[in-house]
Amino acid sequence: MAHLGRLLVPLAALVLFLWAVPGALGRRSNVRVLTDENWTSLLEGEWMIEFYAPWCPACQNLQPEWESFAEWGEDLEVKVAKVDVTEQTGLSGRFIITALPSIYHCKDGEFRRYLGPRTKKDFINFISEKEWKNVEPISSWFGPSSVLMTTMSALFQLSVYIRTSHSYFVHDLGIPAWGSYLVFAFATVLSGLLLGLCMIFVADCLCPSKRRKPQQQSTKKPSPEFSQPLKKVEEEQEADEEDVSEEETENREGTSKDNPQSSLRQRCVGPSSATDKS
């Protein structure tokens, strides 16, 4: 019996160990995972978000504290999340992540950068004591949902696509590196031309060019208010012209009468002067 009791003790310890290990390994994490598809859930409620990379030593040291802080999420009514920048490049572009790990606080769509100590106690105090009110929120121009940050997200995703395509051309297809660069250069020029044509088409539709129309001769008739003064002026001009024409005719008749007399005088004076000389 004593020998049997000695065997039961290690057997019971082994059973307890096997029962506890799956529970420890299968424990569900309270940290939510954000991606480019579900990041809009940040705009509602209160959140604490960590941006990390698996290869970052500082991020690895922060993980235990972050997991412990996430266990207090339900009590503090805050959602704790994390973003892997190596997988979610578009989301890291929306926040312009330049240092790892980076922590942000979000309250009803207002984002603030957390720059305090990185321990569970400090995270809890930041939420419970509402220390986030002392931090100035990020401008709406640089918010993750703004047009500017959406464009930055697209550029980050484009850079990853270009890098992946270059690796595919060089390693999988065996194209030289300079050949891959030529492909991207041709694609850049072609896309620029297409974009320019689209912009010209849109500008022409929004602001069409004004064509010169032939000037139409004005056929407007004078109003009756000004017709009578105009008639009087025309009549006075006609009367002046008639007076001038009568004077000209009289002058012409006078000159025609004077011309024969002067010619007769010249004829008479001519012979007499000749006889006097003789």
Pick from segment 84-104 the residues that are within 27 Å of the chain's Cα centre (by Cα) and aliphatic (A, V, I, L, M): which of them is least open to solvent (accessible area, probe 1.4 Å)? L91
Criterion first (outside any helix (DSSP H, G or I) and open to solvent by 50 Å² or more (accessible area, probe 1.4 Å)) does I175 satisfy it? yes
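Quick grid of which residues meet (1) open to solvent by 90 Å² or more (accessible area, probe 1.4 Å); (2) out of contact with any His (no Cβ under 8 Å at 6 or more places or on another chain); (3) modelled with pLDDT of 80 or more:
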{"site": "S140", "(1), (2), (3)": "yes, yes, yes"}
{"site": "S146", "(1), (2), (3)": "no, yes, yes"}
{"site": "F156", "(1), (2), (3)": "no, yes, no"}
{"site": "V160", "(1), (2), (3)": "no, yes, no"}
{"site": "T164", "(1), (2), (3)": "no, yes, no"}
{"site": "L182", "(1), (2), (3)": "yes, yes, yes"}
{"site": "M199", "(1), (2), (3)": "yes, yes, yes"}
Identity of the residue in segment 110-121, surrounded by fewer than 21 Cβ atoms within 10 Å (Cβ to Cβ) and of a type outside the set (K, R), that ends up farthest from S146 (Cα to Cα): T119
Matching residues, segment 53-85, being closer than 23 Å to I96 by Cβ, in contact (Cβ under 8 Å) with a residue 24 or more places away in the chain and outside any loop (DSSP other than H, G, I, E, B): A58, C59, L62, W66, K79, V80, A81, K82, V83, D84
Name, by its number, the condition in (1) closer than 26 Å to T86 by Cβ; (2) touching a residue at least 40 places away in the same chain (Cβ under 8 Å); (3) open to solvent by 50 Å² or more (accessible area, probe 1.4 Å) that does not hold for K107. (1)
Look at segment 131-186 and say how many of its residues are within 30 Å of G109 (Cα to Cα) and of a type in the set (D, E). 2
In the list E67, E77, which residue meets the criterion of being open to solvent by 40 Å² or more (accessible area, probe 1.4 Å), at pLDDT 90 or above, farther than 29 Å from T164 by Cα and out of contact with any strand residue (DSSP E or B) (no Cβ under 8 Å at 6 or more places or on another chain)? E67
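Does K133 satisfy being more than 21 Å from N38 (Cβ to Cβ), over 22 Å from the mean Cα position of the chain (by Cα) and of a type outside the set (A, V, I, L, M)? Write out each step before concluding.
Details: more than 21 Å from N38 (Cβ to Cβ): yes; over 22 Å from the mean Cα position of the chain (by Cα): yes; of a type outside the set (A, V, I, L, M): yes.
Yes, satisfied.
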Any chance segment 123-135 includes a residue that's in contact with a strand residue (DSSP E or B) (Cβ under 6 Å, 6 or more places away or on another chain), farther than 17 Å from E44 by Cα and open to solvent by less than 70 Å² (accessible area, probe 1.4 Å)? yes
Restricting segment 54-83 to residues that are closer than 13 Å to V31 by Cβ and small (G, A, S), which is farthest from the chain's Cα centre (by Cα)? S68
Quick check: anything in segment 162-175 hydrophobic (A, V, I, L, M, F, W, C) and under 23 Å from T40 (Cα atoms)? no
Residue list for segment 100-110, filter: at pLDDT 90 or above and assigned to a loop (DSSP other than H, G, I, E, B): L100, P101
Apart from one, (1) modelled with pLDDT of 50 or more; (2) on the phi < 0 side of the Ramachandran plot; (3) open to solvent by less than 70 Å² (accessible area, probe 1.4 Å) all hold for A20; the odd one out is (1)
In segment 86-104, how many residues are among the β-branched types (V, I, T) and without any contact (Cβ under 8 Å) to a residue 40 or more places away in the chain? 2
Could you list, in sequence order, the residues of segment 159-176 that are of a type in the set (D, E, K, R) and either within 35 Å of the chain's Cα centre (by Cα) or within 17 Å of A187 (Cα to Cα) (or both)? R163
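For segment 111-145, how many residues meet the condition of being among the charged types (D, E, K, R) and part of a strand (DSSP E or B)?
The total comes to 2.
The values are calculated or read from the model by the stated rules, or taken from the named source; none is laboratory data. A quick note: this is a predicted structure, and the numbers were derived from the prediction, not measured. Because the Cβ atoms are built from the backbone with ideal geometry, glycine has one as well, and the counts that use them run over all protein chains shown. The protein model used for the area step is the full one, side chains on, heavy atoms only, and it has no ligands, DNA or RNA in it. Shrake-Rupley method; radii C 1.70, N 1.55, O 1.52, S 1.80 Å.
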